[in-house]
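The block underneath contains the structure these notes are about, expressed in structure tokens.
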Amino acid sequence: MPVLDVEKDLDQQTMTVTAEFAADVARVWALYADPRRLERHWGPPGWPATFVRHELVPGARSHYFMTGPDGERAHGMWIVREVDEPRSFTVDDAFADDSGEPDPAMGFTRMHAEFEPAGERTRVRFVSTFESVEQLQKMLDMGMEEGLKQAMGQIDALLAEQQPATA
């Protein structure tokens, strides 16, 4: 399992997930920048993601949905705030309606992702900052931590499929 650590800080209203992958930063970054690659790992197993739109540039909005085993759909959206390719990006993340508009009842989460070399590998750190302790607890109760672990657990297989050709 590539997830090394999950830290929840109720005082700071954050959850930090640290993972490490057997690929260079450019290859791992591409898994988040390219919507067809992103949808192969964004949802946990059994809940594949489909990105209706996605562009990792400041000001862009992404809209996606995850489809459950019984065909139900859970929509989400991002507002891209900052991008420093291939080192980091920051998005506001929210549940959404079918058209990709944020669900105000659920609020936003600010997600900051950092990618850094770790020898021949890449270490990725996601810091999610919640609007309140109650929102953080609600997301944890809904299975956010386990879902992220499962989703990130699919990345090694994707990277293995996309191994660069050797001479």
_Residue in region 80-93 that is closer than 17 Å to Lys8 by Cβ and in contact with a helix residue (DSSP H, G or I) (Cβ under 9 Å, 6 or more places away or on another chain) present_ = no
*From Asp24, Asp5, which residue is within 24 Å of Lys138 (Cα to Cα) and not small (Gly, Ala, Ser)?*
Asp5
*asked:* Restricting to region 25-38, and then to whatever is surrounded by 17 or more Cβ atoms within 10 Å (Cβ to Cβ) and among the charged types (D, E, K, R), can you tell me which residue is farthest from Glu145 (Cα to Cα)?
replied: Arg27
_Looking at region 39-53 only, could you name the residues that are touching a helix residue (DSSP H, G or I) at 6+ places or on another chain (Cβ under 7 Å) and in contact (Cβ under 8 Å) with a residue 24 or more places away in the chain?_
Arg40, His41, Trp42, Gly43, Pro44, Pro45
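Test Ala74 against the criterion of being in a strand (DSSP E or B), in contact (Cβ under 8 Å) with a residue 12 or more places away in the chain, small (Gly, Ala, Ser) and touching a Ser or Thr at 6+ places or on another chain (Cβ under 7 Å), and give yes or no.
no
For the subset of region 67-77 comprising residues that are out of contact with any Lys or Arg (no Cβ under 7 Å at 6 or more places or on another chain) and within 17 Å of Arg53 (Cα to Cα), which member is surrounded by the fewest Cβ atoms within 10 Å (Cβ to Cβ)?
Pass one, region 67-77, residues out of contact with any Lys or Arg (no Cβ under 7 Å at 6 or more places or on another chain): 68-76.
Subsequent filtering for residues that are within 17 Å of Arg53 (Cα to Cα) retains 73-76.
Working: Arg73: 12, Ala74: 15, His75: 20, Gly76: 21.
Among those residues, the one meeting the criterion is Arg73.
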_Members of region 4-21 that are surrounded by fewer than 16 Cβ atoms within 10 Å (Cβ to Cβ) and part of a loop (DSSP other than H, G, I, E, B)_ = Leu10, Asp11, Gln12
_Enumeration of residues in region 35-47 that are in a loop (DSSP other than H, G, I, E, B) and either among the charged types (D, E, K, R) or in contact with a Ser or Thr (Cβ under 6 Å, 6 or more places away or on another chain) (or both)_ = Glu39, Arg40
*Given the conditions (1) under 24 Å from Glu85 (Cβ atoms); (2) touching a residue at least 12 places away in the same chain (Cβ under 8 Å), which single one is not true for Met66?*
(1)
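Please verify whether Met111 is under 21 Å from Glu39 (Cβ atoms) and in contact with a Pro (Cβ under 8 Å, 6 or more places away or on another chain), treating the condition exactly as stated.
Working: under 21 Å from Glu39 (Cβ atoms): yes; in contact with a Pro (Cβ under 8 Å, 6 or more places away or on another chain): no.
Here the answer is no, as Met111 does not meet what is asked.
Each reported figure results from applying straightforward, stated rules to the coordinates on display, with no laboratory input. Computed from a predicted structure; not experimentally measured. Backbone-built Cβ (ideal geometry, glycine too); neighbour counts: all protein chains shown.
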